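One structure is given below, encoded as structure tokens.
The values are calculated or read from the model by the stated rules, or taken from the named source; none is laboratory data. All figures in this text were calculated on a predicted structure; none of them were measured in a lab. Don't worry about glycine lacking a Cβ; one is built from the backbone with ideal geometry, like all the others, and counts go over all protein chains shown. Just the protein is used for accessible areas: all its heavy atoms, side chains included, with ligands, DNA and RNA removed. Shrake-Rupley method; radii C 1.70, N 1.55, O 1.52, S 1.80 Å.
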Amino acid sequence: MSDIESNSKKRWIQAVLLAGLVGLLLLKSFVLDIYTVPQEGMLPSISPGGHFIGKKHPYRDPSRVRRGDVIVFSRELPDGQRYQFVWRVVGLPGDRVETAGDSVIVNGKELAREQLRAEEGLVVYREQNGEAAYEVAYPTPVSGATAQPKVTMVVPAGEFFTLGDNRHAARDSRYDGTVPFGQIVARKL
């Protein structure tokens, strides 16, 4: 192989690598990102410190959000700092949502749960919410879990009721209210 062919091949490889790097940067900047869940609120779906890929700006309008979607949203805390939360959408605009103890009721129907397993002081269930099915966790009866807030509300237009999958370890819509559509920054892929 001549020096000219060797240099040409090197330039071609460098151009392909550069194009790939630029493509990845564009994807990360505008389409996808990697998110981290810092706490236990999304167990068993996402472990504390676990990472997932999220699609940025995933919805054109509120009608595109679905029950069961795991969303990332930004909210200002009382200390003025902005923080990103990761919770599952349980109630859509106009839904009547009730939570009492371990029961979640959407539009008058308690969400069905099927027990799957016990692990690390939690009982894991498959929960059915309309067409969506996903795993949720509740503390074992002997773990001394604290009572959860009782909520009854109609989800306002353009907002969403969210819950963590680890229902007793999540500070979600039961505590902090619904999530306005404009605060959603990503959806878990």
(request) Look through segment 85-105, keep the residues that are open to solvent by less than 30 Å² (accessible area, probe 1.4 Å) and over 19 Å from the mean Cα position of the chain (by Cα), and return whichever of them is nearest to Gln148 (Cα to Cα). (result) Thr99
(request) Go through the residues of segment 106-114 one by one and say whether even a single one is in a strand (DSSP E or B) and hydrophobic (A, V, I, L, M, F, W, C). (result) yes
(request) Residue by residue through segment 127-171, note down the ones that are among the hydroxyl-bearing types (Ser, Thr, Tyr), open to solvent by 40 Å² or more (accessible area, probe 1.4 Å) and more than 17 Å from Arg96 (Cα to Cα). (result) Ser143, Thr146
(request) Being more than 16 Å from Ala170 (Cβ to Cβ) and surrounded by 14 or more Cβ atoms within 10 Å (Cβ to Cβ) is the filter here, so list the residues in segment 114-126 that pass it. (result) Leu116
(request) Quick one: Arg67 ticks every box in (1) open to solvent by less than 50 Å² (accessible area, probe 1.4 Å); (2) closer than 16 Å to Val136 by Cβ; (3) assigned to a loop (DSSP other than H, G, I, E, B) except a single one, so which number is it? (result) (1)
(message) Being part of a strand (DSSP E or B) and either open to solvent by less than 40 Å² (accessible area, probe 1.4 Å) or modelled with pLDDT of 95 or more (or both) is the filter here; which residues of segment 34-52 pass it?
(response) Tyr35, Val37, Gly50, His51, Phe52
